[in-house]
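Notes follow the structure.
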Amino acid sequence: MPEIDLPTVLLALAALFVVFKLRSVLGTRNGQQRPPNQLLAPLRRAPAPPAQGAPAEVPAPAGPTAAPWWKGVAEPEAWSGLDAIAAADRSFAPAPFLSGSRAAYDMVVHAFAAGDASTLQNLIAPEAFANFDNAIKARAAAGHVMTTTVVSIDDVFITAARLTGPIAQVSVRFTTKLVSFTKDRAGAVVEGSLTAVVGHVDVWTFDRDVRSPDPNWKLTATQSEV
């Protein structure tokens, strides 16, 4: 019977104990956990739905009838672009993307009204952020204070999508109701209304490099329709 090296056994047990304690304190990462310090965590990618009647590993052909999971969430004109994005990033799926877009809309609208440039900088691409930042600075210089409340987000719908090289671009139409007003230094309302609920229709465009390990999308453009 071989001799037992007691010091070696004790060292091995100590090492196992340390590993166990580290795992209990730090936890473990898996594909469903959110990465830390990401304000666009709701816009994280999710497993793409398999094509109905076809194996998941077979890409669906382009065209309005190719991707039944785009029905009800996107204009038919956007389907081929969404197919291209899903082919380049197999984890892209419409439901979590639209859920994240809805959260991003709420965050951006409230951060802009509050003049919270640091939050906006994490949500918006640099070129678009400059426009938001300039508006915030001009408002502050005039001594104006803006208040906006998102009363409801009634509809979120994809209107356009395309893949240009590695850059995925998706445009989303938001149908919302807001209460928004701006006061001057004296506290008088100079724009908007304290009580009026106003309907808005806006189209926001989000971009993401599908090669990037960063799963977050960035707002790159906004356009108001109503």
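Rule-based calculations on the coordinates, nothing more; no lab input. Keep in mind that this is a model prediction, so the values were computed, not measured. Cβ coordinates were reconstructed from backbone atoms using ideal geometry, including for glycine residues, and neighbour counts include every protein chain displayed.
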Suppose every Lys and Arg Cβ carries +1 and every Asp and Glu Cβ carries -1, with no other charges. What dipole size does the stretch 71-226 come out with about its Cα centre, to the nearest 20 debye? 200 debye
Would you list which aspartates and glutamates come within 13 Å of K177, measuring only between C-alpha atoms, while excluding same-chain residues fewer than 8 positions from it? D106, D154, D155, D202
Please give me the summed charge of the neighbours of Q169: other residues whose Cβ is under 9 Å from its Cβ, Lys and Arg +1, Asp and Glu -1. +1
So what J values fall out for the stretch 130-138 if you push phi through Karplus, 6.51 cos²θ - 1.76 cosθ + 1.60 with θ = phi - 60°, rounded to Hz, Gly and Pro as x? 4, 5, 5, 5, 4, 5, 5, 5, 5
Taking the Cβ of F157 as the centre, find all other residues whose Cβ is under 14 Å away and add up their charges (Lys, Arg: +1; Asp, Glu: -1). -3
At a Förster distance of 35 Å, what's the computed FRET efficiency of V198 paired with T164, Cβ-Cβ distance as r, to 0.05? 0.50
With 22 Å as the cut-off, how large is the P(r) tail for the stretch 71-226, expressed as percent of Cα-Cα pairs? 45 percent
